[in-house]
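Take a look at the structure set out below.
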Amino acid sequence: MRPADPAPFLALALLMAGPAAAAETRAFVLTTDFATGGLSAVSLDTRAVAVDVASVHSDAVMRWYGGLLYVVNRFGQDNIQVIDPAQNYATVRQFSTGNGSNPQDIAFVSPTRAYVTCYELSDLLVVDPSTGGTIGVVPLAPFADADGIPEMHRMVRVDRWLFVSLQRLDRNAGFVPTAYSLIAVIDTQADTVLDVYPIQPGKQAITLTGKNPVTTFAFDRPSTRLLIGCAGAPGALDGGIEWIDPVSFASLGYAITESALGGDVGSLAWNGPAHSYAIVSDASANTALVSWSATSGTRLGTVFAPGGFSLTDCALNDRGELYVCDSDLLAPGLFVFAAGADNLLAGPLDTGLPPYQVTFDAPSEQVLDAPPQGARASLAAPWPNPARGAARLGFSLPRAGTVQVDVLDLGGRRVRRLAAGERAAGAYALSWDLADERGRAVAAGVYFVAARLGPASFVQRLVVLR
């Protein structure tokens, strides 16, 4: 079952809103000619480019976190390179993910705790990025196809939950997509895999509508939904950009199909449901930057089509500017467009080697809610979960305030009110006998405990079994 409307889960949106991000000032661009690699930096104010400020691997992606650039050096290098722009782009740390591991992404919980996906492993690595040490693993082999490797790729963290895309490609048949792809959900407080559908035997992940998820995740804050692009089989219009509900842990189907986009999805830049962007490649392997609408599920137009398989990445900054990487070996450059209007603002900007990936100096889409500092209200997870007879939970208040704790069904309708009114500062225990307001036993299924604790809002998920 899935909620028909995300509006009832506004409490989750309030939870994830957090403080406004600091204004972005720089773009960072990974460059490559597929033999060597570099890093260039662009001033967002002047668009002046500092070329080759650091050397990186020719096959790399990057994340910005805590004032540092984390470069994931992929096939053939198998390490994470930490670059400090404040120290003249010096490499302050570099640590291995294991020979032949082929790391793909890094996602952070704190400066001393992060996760690394590796294409050649069946375990998700838990690392301390401040030292480079591996401090644990989360096994994902149960989600692999017959070759034993799940092909874990991109990640995004929504509060305590880490979402990991699993492509599930058949290595014995040329890395073609298998029957389905998945999103594994990791509880970052316990380093365990969440069972998103406990009624089924074994632990379940989110089954995607499309196959072969290849893009980074995007997040639509007003609806509290994620998006990811699924390319399917190369050359076949069998994928699309898909909605994921991080509350009910379910796919909500396509926001737009590859057939409507006009090609295989390669990159995604979210600018809201009315007018967003994607890089697609057609049957002749020509890439194009297109605008599209999730509201209508249609392609709005072609923004940029230089010809050839040359467009590799696009990203939006907080100034409403869309940066696009054209990695054509003969005429490469970085282009800047006005989001929404689609007109060219600048470019091609010379980045030295051809640009491959671009990001900005603010927390990227992988971290959607950093835990606030200091004393704060909290809602404990219900226990046991799943529950058959009764469920216990609790909440805490750092100072006196008004509280309201309700159990909601998947449609956002109130099933039972557990607490309401003024409370003094302190910790409180609650229980739910799995009955509604009239004392009738509720049906088996997924429920949500939604709490307003002073100015803060929280949601916890609870599965009822019968």
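Each reported figure results from applying straightforward, stated rules to the coordinates on display, with no laboratory input. Note that the coordinates shown come from a computational prediction; the quantities given were computed from them, not determined experimentally. FYI the Cβ positions are ideal-geometry reconstructions off the backbone, even for glycines, and counts take in every protein chain you see.
Summary table below
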read-out	value
In region 255-343, chymotrypsin sites (Phe, Trp or Tyr not before Pro) in a DSSP loop with at most 16 other beta-carbon atoms within 10 Å	Phe309
Kirkwood Rh, Cα atoms: Rg over Rh of region 112-189	1.00
Calculated P(r) tail over 20 Å for region 41-153, as whole % of Cα pairs	42 percent
Globularity ratio of region 208-314, using Cα Rg and 2.2 N^0.38 Å	0.97
Taking the chain and dividing mean pair separation by its residue count, relative contact order in percent (alpha carbons under 8 Å, at least six apart)	12 percent
Spread of Cα-to-Cα distances over 10 Å intervals beginning at zero, given as percent, for region 172-266	16, 43, 31, 9, 0
For region 141-154, 3J(HN,Hα) per residue [Karplus equation, 6.51 cos²θ - 1.76 cosθ + 1.60, θ = phi - 60°, Hz, x = Gly/Pro]	4, x, 9, 6, 7, 5, 7, x, 10, x, 6, 6, 10, 9
Largest-first principal axis extents, alpha carbons of region 117-247, Å	42, 40, 34
Kirkwood Rh (inverse of mean 1/r, distinct Cα pairs), the chain, angstrom	23.2 Å
Local net charge near Phe75, Cβ-Cβ under 12 Å (Lys/Arg +1, Asp/Glu -1)	-2
Relative contact order of region 41-145, pairs being alpha-carbon contacts under 8 Å that are 6 or more residues apart, as %	15 percent
Extension reserve of the Ser110-Asp33 stretch, reckoned as 0.36 nm per residue once the Cα distance is removed	24.4 nm
Selection of trypsin sites (Lys or Arg not before Pro), region 206-314, meeting DSSP coil and at most 12 other Cβ within 10 Å	none
Gain in span if fully extended, Tyr180 to Arg440, counting 0.36 nm per residue against the direct Cα distance	89.7 nm
Theoretical gain in end-to-end length, Ala429 to Ala50 [0.36 nm per residue, Cα-Cα removed]	130.8 nm
Within-11-Å neighbourhood charge of Thr134 [Cβ basis; K, R +1; D, E -1]	-2
Principal semi-axes in Å for region 378-464 [√(5λ), Cα gyration tensor, largest first]	22, 13, 11
Computed over region 378-464: relative contact order in percent, which uses C-alpha pairs under 8 Å that are six or more apart	35 percent
